[in-house]
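Chemist: Can you keep this structure in mind? I'll have questions shortly.
The values are calculated or read from the model by the stated rules, or taken from the named source; none is laboratory data. None of these values were measured; they are calculated from a predicted model. Neighbour counts run over all protein chains shown; Cβ positions are idealised from the backbone, glycine included. These accessible areas exclude ligands, DNA and RNA; they are computed on the full protein's heavy atoms, side chains included. Shrake-Rupley method; radii C 1.70, N 1.55, O 1.52, S 1.80 Å.
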Amino acid sequence: MLKQKQLAAVLLGLAFATAAIAQPKSVAPASQPTAALDAATQARMKEAEEKLARAAEEEQKRGAVLKAYEEEQAERQKQLAREKEERDARRARAAYEAQCQFKSVMTDEDIARCRSIHRN
């Protein structure tokens, strides 16, 4: 995605630069020599290239910010998954321990179950 945007920005800059050069030039007045027109064209091209470079830098900065945000969100999702897993484990342990209820009269099977639960 970033490469496509950079490529589009480069092509757009080149299109503006070529459009500025390819525009039909009116007959230059006698007071302006041809060198001055070439200098103006060169200045416009240089300005267009600088704009293109600034746009590329901004796009890279946006890409870095977006990447950092996505990494942060991924880390948050992992943390939420760990917390859910811990809650589920505590819930399962509580359900397992709830199987043992001490009573005044217990069978050998009940006693064995309670021993195994409290041993772990």
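Chemist: For the range 69-111, what is the charge dipole size about the Cα centre, in debye to the nearest 20, if Lys and Arg each add +1 at the Cβ and Asp and Glu each add -1 at the Cβ?
Modeler: In debye, rounded to 20, the range 69-111 gives about 180.
Chemist: Give the peptides 52-59, 37-44 in descending order of average Cβ contacts within 10 Å, highest first. Please list the in-between numbers first.
Modeler: On the way: 52-59: 14.0, 37-44: 11.9.
Ranked from most to least packed, the peptides come out as 52-59, 37-44.
Chemist: Roughly how many percent of the accessible protein surface of the range 37-120 is carbon and sulfur, given a 1.4 Å probe and a whole-percent answer?
Modeler: Details: 3700 of 7200 Å².
Exposed carbon and sulfur together represent 51 percent of the surface.
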